Amino acid sequence: MSDLPQFPREPISSPEQQHDRQMWRPEWTCFCCEDSGFIASSLMPLIVPDYRPNEDRLPLCQNCSAGNWVQGSSPGVSGTIDWRFKREICAELDRINREQWRITLRNQFEARRQALAKIQDLTQQMNLRQRDRTWQETQKAEQDHQQVILEPDVDQAEKPEGAV
């Protein structure tokens, strides 16, 4: 067999985070490059309509300092960078992408609200009761529930030993 070492897992997120029902929100500082240093591919068609990310030079974001490492790089690296995007252009792309995220979050919130309303309506339609419980009925149901939880299983207590 192999003498390779065995490492424990190093999960990126906890199980609690995986089941988190909150909507994801970006925590980027710069929405132009999404903190990568390069303008987000989704924004490029606003400036270069026929942009092809796999063929064209990488557009450097001037809105933040994430791309500063390129400044002193070798000519081979700097030759693959598109330097045309000035700070003003990147700031406007940042503003546009922030607004798009606001709209997206608003739409997600509204869709979630509508889904919850539909679930509530369906639940009400499937309810066998003709009306909601009164306060007294709710209190009585809670008391009965607590009593069932606290009492031992009556059926098991009455059976003789060895009976199935």
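The values are calculated or read from the model by the stated rules, or taken from the named source; none is laboratory data. Values in this document were obtained by computation on a predicted structure and should not be read as measured data. When we count neighbours, we look across all protein chains shown, and the Cβ atoms used for this are built from the backbone with ideal geometry, even at glycine. Quick note on the areas: whole protein, heavy atoms, side chains included, nothing else; ligands and nucleic acids left out. Shrake-Rupley method; radii C 1.70, N 1.55, O 1.52, S 1.80 Å.
Exactly one residue out of 80, 134 is surrounded by 10 or more Cβ atoms within 10 Å (Cβ to Cβ) and free of Cβ contacts under 8 Å to residues at least 24 places away in the same chain: that is 80. Scanning segment 114-131 for residues that are loosely packed, with under 10 Cβ neighbours inside 10 Å and of a type in the set (A, V, I, L, M) yields a total of 2.
Could you list all residues from segment 92-113 that are under 15 Å from the mean Cα position of the chain (by Cα) and open to solvent by 70 Å² or more (accessible area, probe 1.4 Å)? Working first, answer last.
Step one: of segment 92-113, the residues under 15 Å from the mean Cα position of the chain (by Cα) are 101-102, 104-109, 111-112.
Listed by number, the residues that qualify are 102, 106, 107, 108, 109, 112.
Inspect segment 46-67 for any residue being loosely packed, with under 14 Cβ neighbours inside 10 Å, in contact (Cβ under 8 Å) with a residue 12 or more places away in the chain and β-branched (Val, Ile, Thr) and give the result as yes or no. Scanning segment 46-67 turns up no residue that is loosely packed, with under 14 Cβ neighbours inside 10 Å, in contact (Cβ under 8 Å) with a residue 12 or more places away in the chain and β-branched (Val, Ile, Thr).
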